[in-house]
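The values are calculated or read from the model by the stated rules, or taken from the named source; none is laboratory data. As the structure is a prediction and not an experimental result, all values here were calculated from the model. Quick reminder, even Gly has a Cβ in these numbers, built from the backbone with ideal geometry, and neighbours come from all protein chains shown. Side chains are part of the model used for accessible areas, which takes the heavy atoms of the whole protein and leaves out ligands, DNA and RNA. Shrake-Rupley method; radii C 1.70, N 1.55, O 1.52, S 1.80 Å.
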Amino acid sequence: MAGRDVEGVRIETVPGDITLQHVDAIVNAANSSLLGGGGVDGAVHRAGGPEILAACRRLRETRYPRGLPAGDAVATTAGRLPARHVIHAVGPVWSRHDDRTDRLSSAYRRSLEVAGELRAASVAFPAISAGVYGWPIDDAARVAVGTTILTAPRIESIRLVRFVLFSRTALEAFDRALDGVGGSARAGERTRI
Ligand code: AR6
């Protein structure tokens with residue numbers, strides 16, 4: 001677990017299950033269909049109940065008849081979850097031949113922008129694209145942390161961004177990414193929990 005403060009925003013890593021987070025908004029690692037799947041997506045719909053899927057179906061019938069493209073995000077109710085909102089973000093599938101980093105970065109940036117529209121103060125993210133979509137965890141962590149540090153301080157409502165990591169490997173990768181930013185000369189700003 002690690003944490004640091006960047007221009008008034010607390011950015012931290014914790015181990016655990018994102019569906020249990022008591023924050024204003026949790027981010028779901030969704031797919032373009034918005035109609036559910038495995039991993040985080042399966043856990044969010046299981047724990048949050050049918051209200052979330054119903055809201056996703058309405059989005060498909062209205063704003064996104066062709067689905068939500070990779071790199072974008074949209075909010076729904078959080079149903080029975082302790083969070084108030086679910087922000088469904090679609091990450092890119094990892095490709096060895098095609099650099100899709102901009103779309104992974106965009107998934108974080110758009111999620112934070114949507115959180116701002118919701119006036120959310122606290123947002124929890126999983127490691128988007130780092131499961132079924134195959135993105136190597138160190139690079140996934142670098143993009144997640146780097147984009148958050150650049151974006152979150154620009155969004156007025158946001159005070160806390162928490163990365164919730166399911167495995168020790170993912171937690172360690174995000175801790176390294178968070179420690180790496182700003183360099184050791186500024187280590188005094190960092191708080192180890
Ligand atoms: N809380 C936090 N992290 C979790 C949880 C959880 N409950 N469950 C898994 N992880 P993934 P993706 C971790 O596969 O790669 C779905 O089928 C997991 O260990 O959920 O973006 C969707 O419908 C990994 O580190 O998301 C899409 O089709 C990370 O969360 C597709 O998978 C992301 O893994 C999206 O794939």
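Counting only residues that are open to solvent by 10 Å² or more (accessible area, probe 1.4 Å) and without any contact (Cβ under 8 Å) to a residue 60 or more places away in the chain, the range 148-166 holds 5 of them. Can you confirm whether the range 85-106 contains a residue that is assigned to a helix (DSSP H, G or I) and within 12 Å of the ligand (Cβ to nearest atom)? There is at least one residue in the range 85-106 that is assigned to a helix (DSSP H, G or I) and within 12 Å of the ligand (Cβ to nearest atom).
Being in a loop (DSSP other than H, G, I, E, B), open to solvent by less than 10 Å² (accessible area, probe 1.4 Å) and either of a type in the set (D, E, K, R) or at pLDDT 95 or above (or both) is not true of LEU81.
For the range 43-66, enumerate the residues that are open to solvent by less than 10 Å² (accessible area, probe 1.4 Å) and of a type outside the set (A, V, I, L, M). Hits for the range 43-66 are GLY48, GLY49, CYS56.
Examine the range 95-114 for a residue that is over 23 Å from HIS45 (Cα atoms), more than 14 Å from the chain's Cα centre (by Cα), of a type in the set (Gly, Ala, Ser) and modelled with pLDDT of 95 or more, and state whether such a residue exists. Yes; the residues of the range 95-114 include at least one that is over 23 Å from HIS45 (Cα atoms), more than 14 Å from the chain's Cα centre (by Cα), of a type in the set (Gly, Ala, Ser) and modelled with pLDDT of 95 or more. Tell me, which residue of the range 67-78 that is part of a loop (DSSP other than H, G, I, E, B) and within 27 Å of GLY134 (Cβ to Cβ) is most open to solvent (accessible area, probe 1.4 Å)? Checking each candidate, the answer is PRO69.
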